[in-house]
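Student: Have a look at this one.
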Amino acid sequence: MIEITYLDAVKQERKMTFESYQEFEQSQQACLIGVADYYPVKKLTYKGHDLNYQGTYGDVFFFLMKQDLTKFD
């Protein structure tokens, strides 16, 4: 499971949850999620593990592509 906690345009904390990396990847490729790329991410977790990510929502996809997520299986 991927959980992305971010701040929206009015600085309110929001959370997006995806059951798998594949679900997240599909949502990014299909542009189905109405989250602006520039929203700052406060926390990014994969299978309950904090990935210590600092950046924007739009860069989460590229960050996860570079990670060895198999170490959490």
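The values are calculated or read from the model by the stated rules, or taken from the named source; none is laboratory data. Values in this document were obtained by computation on a predicted structure and should not be read as measured data. Neighbour counts run over all protein chains shown; Cβ positions are idealised from the backbone, glycine included. Each accessible area value is taken on the protein alone, full model and side chains, heavy atoms only, with ligands, DNA and RNA left out. Shrake-Rupley method; radii C 1.70, N 1.55, O 1.52, S 1.80 Å.
Student: Just to verify a number: FRET efficiency for Lys11 and Asp59, C-beta to C-beta distance, R0 = 22 Å, to 0.05?
Tutor: The formula returns an efficiency of 0.70 here.
Student: Dividing the convex hull volume of the Cα atoms of region 2-72 by its residue count, what figure in Å³ per residue is obtained?
Tutor: 80
Student: Ignoring ligands, DNA and RNA, what percent of the 1.4 Å accessible area of the chain is carbon and sulfur? Before the final figure, lay out each step's value.
Tutor: Working: 2280 of 4830 Å².
Answer for the chain: carbon and sulfur cover 47 percent of the accessible area.
Student: Beyond 20 Å between alpha-carbons counts as too far, so tell me which of Lys15/Lys71; Lys15/Lys42; Lys11/Lys42; Lys15/Lys66 fall in that bin.
Tutor: Lys15/Lys71; Lys15/Lys66
Student: Rounded to the nearest whole Å², what accessible area per residue is found for the chain with the 1.4 Å probe?
Tutor: 66
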